[in-house]
1. Just to be sure I understand the filter: pairs with C-beta atoms under 6 Å, separated by 6 or more residues or on different chains, first member in the stretch 110-134 and closer than 18 Å to T163 by Cβ, second member of a type in the set (V, I, T). Which pairs pass?
2. Looking for something charged (D, E, K, R), closer than 11 Å to Y579 by Cα and assigned by TED's automatic domain parsing to the domain that holds W408 - is there at least one such residue anywhere in the stretch 506-514?
3. Considering only residues that are of a type in the set (V, I, T) and more than 25 Å from the chain's Cα centre (by Cα), which ones fall in the stretch 97-122?
4. Mind listing just one residue for me: the one in the stretch 294-314 that is part of a loop (DSSP other than H, G, I, E, B) and at pLDDT 95 or above and, of those, farthest from the ligand (Cβ to nearest atom)?
5. For the stretch 1-28, give me each residue that is charged (D, E, K, R) and within 22 Å of the chain's Cα centre (by Cα).
6. Which residue out of A325, A265 is within 16 Å of the ligand (Cβ to nearest atom) and more than 24 Å from A437 (Cα to Cα)?
7. Just wondering, is there one or more residues in the stretch 519-527 that are closer than 21 Å to D407 by Cβ, out of contact with any Asp or Glu (no Cβ under 9 Å at 6 or more places or on another chain), in contact (Cβ under 8 Å) with a residue 12 or more places away in the chain and buried (at least 17 other Cβ atoms within 10 Å of the Cβ)?
Amino acid sequence: MFKFLNPKLPVIWHGGDYNPEQWDPSVWDEDMALMQESRFKVATIGVFSWAKLEPHEGEFDFSWLDEVIEKLSAADRYFILATPSAAAPAWMTQKYPEILRTGSDRVRRLHGNRVNYNLCSPVYRQKSALIARKLAERYGDHPRLLAWHLSNEYGGEDFSPETISAFRDWLKAKYGTIEALNSAYWTTFWSHCYSGWDQLDAPGGPHGEVSIQGLTVDWRRFITDATVDFMLNEAAPLRELSPDIPHTTNLMGTFPGLDYRKFNANLDFASWDSYPGFGGSLDQTSVWISVAFKHDLTRGLSKNGKWMLMECTPNSSNWYETMTAKRPGVHKFEALQAVAHGADGVQYFQWRQSRGSQEQFHGAVVNHGTTNNGRIFGEVKQAGAALDALSNIASTAKRAEVAIIYDWSSRWALDAAVGPVQRDKGYEQTCIDHYRAFWEAGVSVDVIGPDSPLEGYKLVVAPMLYSLSESTSTNLSEYVRAGGTLVSTYLTAWTDENSLVFESGYLAPLRKVFGVWSEEIDALPVGQQVSICTGFDSKAERYSVVDFCELIHPTTSKAIAWYDDEFYAGRPAATVNNYGTGRAYYVGSRNDQRFTNQLMTSIMDDLGIEHLAGELPEGVTRQVRYGDEFEYHFYLNATSLSREVETVGWGTVRLQPWQVEILERKISAGDEEPVLLAATEG
Ligand code: GAL
């Protein structure tokens, strides 16, 4: 819908949560001057302002917000306006206690905290739609309004009577008959059969059912649908009254509680809040790779590839075990890393550090006792200048030949499954480990859903896709048949979407695609390793394996690695199969990173995917954004050491600690040599 996040401000946005209502209006003019100085262009306002906007039921006070918006406009700033539903005013919870959330212990919460509402309360839905309508009526056509920010970090479960009753209706609509539900849930086991819909209840918590995996996963699906429905309810008046203003909501990366793919029903662009934890050392490549994965995941959640980093902190987060201060330059690195992955905006929580309450020590732009003399303010100013220098990049896009599938349903089903290990089965980390192979090779990746269109990708990696729906099975099979290359791992296609093991066993719907059937798994205790090898001569490479060894039987496939230990020594550990005009690899064991990197590199070589595997120094990656005429190569040094990089086309470049170098190349027509243009020092 929009080539830019919003064409009203066609640059990379820089700004953040602005909570002027916490402060005496006498500081607002200083705020404006400091925003100008730090190139903080976009203020997200109203996120938690309900008590100030509607101090008494039905009495609205917009005077302070009018004044703030006037000041922002006069200072040539823009604003994103939030609906305030993440925290209800006290008068409301006092008069309508039923709007409060009920925990899994079935106790209704008291007033306070946030995201503390009953997801299905008719009163809360009516109140949150009303305040959204009032905001849209008053500010919907303001020339400096850039976007609607729906609520704040939707999340969490709710066990209120209204929500449980909505769950029963949801189940009825899904299964039609109680017999169909019983059969999908295998309820004859332990005599758990239901004979009426009103016997069904939310699973989990200290008192609830935990032994029916299909019910557990359905509950998560339902909570997602109920949350999306809650969002659409407050979004409706905004759509009606200001149809040209884009909508977003701040997501939380791989947050396990909600299937974010369902949110794109109402996301004109996606956004997320990134607060990586470092536990003392910022020099952890794995943390920056995990952030990169979540950036690419967020980009894949938007309809058009547009996204922004809605929140990050220029310093530390106060809710980690230790508040590790961000070292000089790290914040600018973080901002440019987001842009390298396609972000068109970098914003903060929050502008001015709060004097009191929960987040009084959380990093902010203007910190306690400082103005423009603070170290962090200086870091933000530098990031602002770097982002300003990139304004021509705002309408460019990422493009990837490789996709990784990240599937919330498989994650939920794996979490619910009792076995093959009781500890975390590591779904998210396994996806990130595969992603790492591409990050280290400087290859851009799209992180997509199991039913996302696959044509156009040369390589699709679907680790641990444990629960497989019919539509996903068709999607993957058709992709390979038509010439695509697919890589999957152990614990793929063990069950259908309701957590029932396929009648003819693991991997059943994809056996022809992989040319493999899978019989059983040997799970290893923590600390135990076995090994696999890629041949049985002196040239064979050996790799270590932890956690999972799936015992597979090739039918039409050929083995590319073998187990080297245990009673299954000599049996295949990984295979490749030709199917249609494509190929499918099955990796049966959880191998070390070296195996994953080497396999991905050799597949990229076969497929002609350009990569820098083995050429980039440790902790350095390359990411590319494409415009109509130019492409921008970002070389990112995610370490505190200086690094020398052999670039593609620009010779050797020295990167200082945390430096990002951006090289601009004119896209060549035909055989014409690429023209190298100016380098921007990020
Ligand atoms: C986010 C939230 C903000 C603030 C921030 C820092 O998750 O949206 O309101 O709490 O974290 O902790």
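The values are calculated or read from the model by the stated rules, or taken from the named source; none is laboratory data. Bear in mind the structure is a predicted one, so any value in this text is a computation, not a measurement. Cβ: placed from backbone, ideal geometry, glycine included. Neighbour counts: every protein chain shown.
1. Close Cβ pairs satisfying both conditions: Y117/I99; N118/I99; L119/T163; C120/T163; S121/I99; V123/I99; Y124/I99.
2. Taking the stretch 506-514 and keeping what is charged (D, E, K, R), we get 511-512.
Pick out the ones that are also closer than 11 Å to Y579 by Cα and you get 511-512.
Now restrict to residues that are assigned by TED's automatic domain parsing to the domain that holds W408: 511-512.
Within the stretch 506-514 (the criterion being charged (D, E, K, R), closer than 11 Å to Y579 by Cα and assigned by TED's automatic domain parsing to the domain that holds W408), the answer is yes, since at least one residue qualifies.
3. Applying the first criterion (of a type in the set (V, I, T)) to the stretch 97-122 yields 99, 102, 107, 115.
Those that are of a type in the set (V, I, T) and more than 25 Å from the chain's Cα centre (by Cα): I99, T102, V107.
4. The first filter runs over the stretch 294-314 and keeps only residues part of a loop (DSSP other than H, G, I, E, B), leaving 302-306, 312-314.
Then keep just the ones that are at pLDDT 95 or above; that gives 306, 312-314.
Values: K306: 20, C312: 9, T313: 7, P314: 12 Å.
Checked the stretch 294-314; the qualifying residue farthest from the ligand (Cβ to nearest atom) is K306.
5. Residues of the stretch 1-28 charged (D, E, K, R): 3, 8, 17, 21, 24.
Within the stretch 1-28, K3, D17 qualify.
6. A325
7. The first filter runs over the stretch 519-527 and keeps only residues closer than 21 Å to D407 by Cβ, leaving 521.
Next cut, out of contact with any Asp or Glu (no Cβ under 9 Å at 6 or more places or on another chain) only: none.
No; the residues of the stretch 519-527 include none that is closer than 21 Å to D407 by Cβ, out of contact with any Asp or Glu (no Cβ under 9 Å at 6 or more places or on another chain), in contact (Cβ under 8 Å) with a residue 12 or more places away in the chain and buried (at least 17 other Cβ atoms within 10 Å of the Cβ).
Quick grid of which residues meet (1) at pLDDT 95 or above; (2) touching an Asp or Glu at 6+ places or on another chain (Cβ under 8 Å); (3) part of a loop (DSSP other than H, G, I, E, B):
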residue	(1), (2), (3)
S357	yes, no, yes
N373	yes, no, yes
A403	yes, yes, no
W412	yes, no, no
V447	yes, yes, no
